[in-house]
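The next block holds one structure in the form of structure tokens; read it before the comments.
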Amino acid sequence: MTKYGKQTQDVLKGNRLAPKKRFGQNFLVHKATAEAIVRAGKVCDNDIILEVGVGLGALTLPLAEVAQHVFGYEIDSGIIRYHMEENDLPGNVTLIHQDILTADFQEIAQKCGGSLKIVANLPYSISNPFIFKLIDNASLITTVTVMLQKEVADRLMARPGTKDYGVPTVLLASCASVHKLMTLKPGEFHPRPKVDSVVVSIDFSRVKQHPIDNSRYNFALFRQLVRATFNQRRKTILNTLSGAGLFYNSAELDKTANKKRTLQAIKEADLLPNARPETLTVDDFIKLAIQIEHSR
């Protein structure tokens, strides 16, 4: 009898397991929902999938039914022990006991044939660092189908001028497109979270073309100025960036000289010096990064 025929609570209790708060564990309990997520992720029979957060296998099993192979990363040693004792995962699943945040995506991509297709019921506790890890490894990823806390998903899909628009929104939008797939209520999980969850698709393979040649812009500088402006989002971009040390010889320049160079870069990017960061589009930030790079 599979775990789908049992109550999740009974499986956990019978195997000396319990949801761990420090891992942000909320186990998906409905088979139909898991299958819907796999369908939404457009998993094909030639796909090699990276799954994050295997848990009791709610997503792992339907993934294994359609994918060529699943590499399942799980941080919880108790969960690893459970699957080893039960021997309940199909032969095309490789279970890996590791924190995905410490994993080398380059090595994983080599295992997966050169690029990553990721499906995850992501623990809420690692949502933000995981998103930034995706951004840092964007060139290795095709698509990510991931379940997130609603407020995190809202931030990733936010529009300029809204309170949710911020650093993760801009950085992710520079290398991927994000689309909502479905909303899941707390009753889909054990234990029940206090908020809704949202499954989103993050597509790194078909990013919209920006109206400028952004293939050579300095991403490290782009990330630095995005973080700098949103860290002081109530200030104008001129005031924030003038003191952000973006120019190679910033330490040698006085405040007036730094402000003058920053103002010139902002104007050459066709932006307003008194603009606030939440009003800038991704293209605006890219143009500004290019102009600052030219002025360095």
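The values are calculated or read from the model by the stated rules, or taken from the named source; none is laboratory data. All values derive from a computational prediction rather than experimental measurement. Glycine gets a Cβ as well: all are built from the backbone with ideal geometry, and neighbour counts include every protein chain shown. The area values use the complete protein model at the heavy-atom level, side chains included, leaving out ligands, DNA and RNA. Shrake-Rupley method; radii C 1.70, N 1.55, O 1.52, S 1.80 Å.
Assorted remarks:
- Rounded tilt (10° steps) of 127-136 against the dominant C-alpha axis of the chain: 60 degrees
- Over 27 Å apart at the Cα level, from the set K194/K235; K20/K194; K42/K111, are K194/K235.
- The chain: angle of helix 77-86 to the longest principal axis, Cα-based, in degrees nearest 10: 30 degrees
- Relative to the dominant Cα principal axis of the chain, helix 255-268 is inclined by about 70°.
- When the chain is treated as a GNM with alpha-carbon contacts under 10 Å, the residue of V226, V11, V54 showing the greatest mean-square fluctuation is V11.
- R0 of 25 Å, Cβ-Cβ distance K111-E86: FRET efficiency to nearest 0.05: 0.55
- The fraction of Cα-Cα pairs per 10 angstrom bin, counted from 0 for segment 64-159, comes to 13, 45, 33, 8, 1 percent, rounded to whole percents.
- In the full protein context, the chain carries 49 Å² of accessible surface per residue, based on a 1.4 Å probe and ignoring ligands, DNA and RNA.
- For the pair segment 260-276 / segment 3-56, the C-alpha centres are spaced 49 Å from each other.
- Near the amide H of M182, within less than 5 Å, lie the amide hydrogens of V199, all on another chain or at least 5 residues away, with H placed in the peptide plane.
- Relative frequency of Cα-Cα separations exceeding 26 Å in the chain, percent: 50 percent
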